[in-house]
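Written below as structure tokens is the structure these notes are about.
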4 protein chains.
Amino acid sequence: MGEGCHEPEASDKSVVQPNKDALLKRLSRIEGQVRGIGGMIESDRYCVDVLTQIAAAKSALDAVALQLLENHVKGCVTQAIVDGDAAARIDELIAVVRKIR
Amino acid sequence: MGEGCHEPEASDKSVVQPNKDALLKRLSRIEGQVRGIGGMIESDRYCVDVLTQIAAAKSALDAVALQLLENHVKGCVTQAIVDGDAAARIDELIAVVRKIR
Amino acid sequence: MGEGCHEPEASDKSVVQPNKDALLKRLSRIEGQVRGIGGMIESDRYCVDVLTQIAAAKSALDAVALQLLENHVKGCVTQAIVDGDAAARIDELIAVVRKIR
Amino acid sequence: MGEGCHEPEASDKSVVQPNKDALLKRLSRIEGQVRGIGGMIESDRYCVDVLTQIAAAKSALDAVALQLLENHVKGCVTQAIVDGDAAARIDELIAVVRKIR
């Protein structure tokens, strides 16, 4: 059974992320980073310093996205392949890879 | 005079962003987006839906970065070129463009 | 059987891409684009025009990468999951998604 | 005078890149990389190996783009700022940064 992927109904699929707490911690840190960027602009910090922090927040979001992608492949995509009905799930996977780049 | 760019001392340059309030509003919205992504994981939302929101938060950060870049070129970089000492500022500009991509 | 993925030996895996001719045509067009970019610089074309063509060649490469990624998931990753030994293949998939972004 | 930027007429601006030969050498190498990627697909090489080479060709294109961007800022953008008519040139710069990311 693919980890975490329960599909009562296609539209409201629910997924318990295996590393849920760690993901939530990272997201709350990123929230703090974004608040910090606002604070830098509030206190008229130099543009390049602010831009450097934006790059850091973006790469933190990237890292969360890659972890979710891994969870998704190990969970829902694996489950769909095991169930023999993977085509739609793989198309969805490639579409979301295109989006998060 | 380049808009907003006051250089009392190289290390603690300060820049009053011309569109400061708008930038702060956008950043607080992005903060809300990141909090919302945490909420989606908290409530076990489908991975692809969460990834789609991460892509949206990233592109909102990108848009803020490009606005800051424009302000920086119109402010500090323009000021450095007018003062005839642009080399370091342009190298710094290219380095930050590399970072925010 | 995952389309195209023959694994005589782990190290020299070979994969017959299902849409091989189309991929080769696209790559030869991209080769022409890159040659054209050289021609633009040779004939002193305006920097922004050259940069616009570089962006086009990059996104053409991106499109080929996404097609290969889809082939890979439908082929080798699916095969590994069906064979019940997917962990290494999924880690490899996530690592290559990180690279091609 | 901004290096290399001659503007006989706005529409057919011509720019002699200061590091023209080096740029041409890099582009011809990238052309070879793209040809090599085609060769890998021709000889049924493993998808992940091909994707790795596409990532390398993309980052080589990125490096050329950043060099051109630097040349452009040191040349045409500097010239426009010195001439006191930079607004359009800076807008064009930000638009092309958005494209090459």
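Would you mind listing the distances between the A:Asp85 label point and the same position in each other copy? Use 7 Å along Cα-to-C-beta, nm, one decimal, shortest first.
Copy-to-copy label distances at A:Asp85, shortest first: 3.0, 6.5, 6.9 nm.
At a threshold of 8 angstrom on Cα-Cα distance, excluding pairs fewer than six apart, so keeping six or more, what relative contact order does chain A reach in percent?
35 percent
Quick query: amide H of A:Arg45 versus all other amide H atoms, modeled in the peptide plane; which residues come in under 5 Å with a sequence gap of 5 or more or a different chain?
B:Val15
As a quick test, which of the pairs A:Lys74/B:Lys58; B:Lys13/D:Lys74; A:Lys20/D:Lys99 have an alpha carbon distance above 27 angstrom in this structure?
The answer is A:Lys20/D:Lys99.
Per residue of the range B:28-43, in order, report the coupling 6.51 cos²θ - 1.76 cosθ + 1.60 (Karplus, θ = phi - 60°) as ³J(HN,Hα) in whole Hz, putting x for Gly and Pro.
6, 5, 5, 4, x, 4, 5, 4, x, 5, x, x, 5, 5, 4, 9
To the nearest 100 Å², how much accessible surface do chains A and C cover up together, summed over both, with a 1.4 Å probe?
1700 Å²
Assigning unit charges at the beta carbon (Lys, Arg +1; Asp, Glu -1) and nothing else, what dipole magnitude in debye, to the nearest 20, does the protein assembly as shown show about its Cα centre?
0 debye
Run through all the Cα pairs of the protein assembly as shown and give the fraction in each 10 Å bin from 0, expressed as whole percent.
Pair shares across the bins are 4, 20, 25, 24, 17, 8, 1.
Just to confirm, what accessible area per residue do you get for chain D at 1.4 Å probe, in whole Å²?
Computed with neighbouring chains in place, this is 43 Å² per residue.
Quick one: divide the alpha-carbon radius of gyration of chain D by 2.2 N^0.38 Å and tell me what you get.
This ratio for chain D stands at 1.38.
Just to be sure I understand: chains B and C are related by a rotation, so which residue of B has its Cβ closest to that axis, and how close in Å?
B:Arg101, 5
Inter-copy label distances at B:Arg29, 7 Å along the Cα→beta-carbon direction, one decimal in nm, shortest first?
So the distances to the same position in the other copies read 2.8, 3.6, 4.3 nm.
The values are calculated or read from the model by the stated rules, or taken from the named source; none is laboratory data. Since the structure is predicted, the reported quantities are computational estimates derived from the model, not experimental observations. We place every Cβ from the backbone using ideal geometry, glycine too, and count neighbours over all the protein chains shown. Accessible surface is based on the protein model in full, side chains and every heavy atom, while ligands, DNA and RNA are left aside. Shrake-Rupley method; radii C 1.70, N 1.55, O 1.52, S 1.80 Å.
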